[in-house]
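Here's the structure we're looking at; comments come further down.
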Amino acid sequence: MGIEYYLKAAVSEYVDKDGATKKRYATIGIVTRTKKNDLMAKIEMLPLLGMKEGAFWCYLNVPEDKPTQTATQATAPDLNDIESDIPF
């Protein structure tokens, strides 16, 4: 039962340095699969300022893969060597 999609919606607009109007998006929830293989949405936030005519549209974004840690990054420092780490 992992995250299938992130729900993202436009919450505000801004003007960039070139004068173009752009939208700012926020993650408002997730979509996951149930045990019966149905899709289920969990909405954690309602962007009331982003609503137009009483409704809002949201996008389903596929989660991006996180980079994996190498073996040297994943190991914790040895606490027996803490004396050699003290600079005085």
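Here is a list: Lys22, Lys36, Lys17. Which entry is at pLDDT 90 or above and either on the phi > 0 side of the Ramachandran plot or part of a loop (DSSP other than H, G, I, E, B) (or both)? I'd like the intermediate steps shown before the answer.
Details: Lys22 fails: either on the phi > 0 side of the Ramachandran plot or part of a loop (DSSP other than H, G, I, E, B) (or both); Lys36 fails: at pLDDT 90 or above.
Exactly one of Lys22, Lys36, Lys17 is at pLDDT 90 or above and either on the phi > 0 side of the Ramachandran plot or part of a loop (DSSP other than H, G, I, E, B) (or both), namely Lys17.
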Q) Is it the case that segment 61-84 has a residue that's touching a Lys or Arg at 6+ places or on another chain (Cβ under 7 Å), at pLDDT below 85 and within 12 Å of Tyr5 (Cα to Cα)? A) yes
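The values are calculated or read from the model by the stated rules, or taken from the named source; none is laboratory data. Quantities reported herein were computed from a predicted structural model and do not represent experimental measurements. No Cβ is skipped: glycine too gets one built from the backbone with ideal geometry, and neighbour counts run over all protein chains shown.
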